[in-house]
1. Exactly one of (1) within 22 Å of residue 76 (Cα to Cα); (2) of a type in the set (D, E, K, R); (3) modelled with pLDDT under 95 is unmet by residue 169. Its number?
2. Consider residue 131 carefully, then state whether it is in contact with a Ser or Thr (Cβ under 9 Å, 6 or more places away or on another chain) and hydrophobic (A, V, I, L, M, F, W, C).
3. Sort out which residues of the stretch 96-108 are part of a strand (DSSP E or B) and farther than 13 Å from residue 147 by Cα, and write them in order of number.
4. For residue 97, only one of the following conditions fails: (1) surrounded by fewer than 19 Cβ atoms within 10 Å (Cβ to Cβ); (2) over 23 Å from residue 137 (Cα atoms). What is its number?
5. Anything in the stretch 44-62 that is part of a loop (DSSP other than H, G, I, E, B) and basic (Lys, Arg)? List them, or say none.
6. Which members of the stretch 20-46 meet the condition of being of a type in the set (Ser, Thr, Tyr) and more than 23 Å from residue 69 (Cα to Cα)?
7. With the checklist (1) modelled with pLDDT under 95; (2) hydrophobic (A, V, I, L, M, F, W, C); (3) surrounded by 16 or more Cβ atoms within 10 Å (Cβ to Cβ) in hand, flag the one item residue 131 doesn't pass.
Amino acid sequence: MIGIYNICMNEKERLITDRLILRKFKREDAEPMYRNWGSDPEVAKYTLWTAHESVEVTKKLVDMWLEEYEDPKTARFVITLKGSDEPIGSIDIVNIKDNVPEIGYCLTRKYWNKGIMTEACKAFINYLFELGYSKILIRADVRNTGSNRVIEKCGFVFTHKEMIECRSEASPESAEVNWYELQNNLLYSR
């Protein structure tokens with residue numbers, strides 16, 4: 001099991017794993033986010049957003065996210081490697097319905113297939129369970145084999161497939177997604 005610790009310093013929460021630090025976004029993260037994954041069409045390929053056309057788009061998004069931190073239910077982290085504060089991805093709650101969060105994530109292509117997202121996802125799952133959530137949902141495009149593997153490695157159980165309307169200009173058609181859920185059964189307790 002990956003060692004996970006919550007550290008609160010100056011009201012800023014960080015999640016620390018063997019290789020990663022997950023921390024709250026800051027304004028300066030916009031440019032590296034744009035450079036590392038926000039502008040990459042391969043990262044956006046199976047998401048509901050399009051690759052950012054300019055760093056200004058990313059800056060507006062990060063500004064919006066910073067404002068959302070005022071809501072105590074906001075759970076959003078930038079992913080960094082230990083020893084570097086360079087953002088390489090993000091993970092957050094993308095929706096909450098009936099007190100059940102749906103999570104989503106993105107990762108710089110350079111770090112795909114290295115176990116980074118699995119490690120970050122497990123830390124985030126633990127964090128959400130510690131916040132008191134009893135179940136977590138996640139979905140992935142059926143064509144996104146890498147993301148589906150990460151989800152399964154994190155212990156999620158497949159529940160059903162669903163057709164969704166894509167809101168992305170890059171992918172205007174419908175897409176089939178796999179839905180998964182994970183119950184808090186103390187799998188991620190310390």
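1. Condition (1) is where residue 169 drops out.
2. Numbers: in contact with a Ser or Thr (Cβ under 9 Å, 6 or more places away or on another chain): no; hydrophobic (A, V, I, L, M, F, W, C): yes.
Here the answer is no, as residue 131 does not meet what is asked.
3. Going residue by residue through the stretch 96-108, those that are part of a strand (DSSP E or B) are 96-97, 100-107.
Selection gives 96, 97, 100, 101, 102.
4. Unmet condition: (2).
5. The initial filter retains those residues of the stretch 44-62 that are part of a loop (DSSP other than H, G, I, E, B), namely 45-54.
Across the stretch 44-62, the qualifying residue is only 45.
6. Step one: list which residues in the stretch 20-46 are of a type in the set (Ser, Thr, Tyr), which gives 34, 39, 46.
Scanning the stretch 20-46 gives 39, 46.
7. Residue 131 satisfies every listed condition except (3).
Residues checked against (1) crowded, with 17+ Cβ neighbours inside 10 Å; (2) of a type in the set (Lys, Arg); (3) under 14 Å from the mean Cα position of the chain (by Cα); (4) closer than 16 Å to residue 138 by Cβ:
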residue	(1), (2), (3), (4)
29	yes, no, no, no
45	no, yes, no, no
65	yes, no, yes, no
74	no, no, yes, no
90	yes, no, yes, yes
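The values are calculated or read from the model by the stated rules, or taken from the named source; none is laboratory data. Here the structure is a predicted model, which means the values were calculated and not measured. Ideal geometry is used to build each Cβ from the backbone, glycine not excepted, and the neighbour counts take in all protein chains shown.
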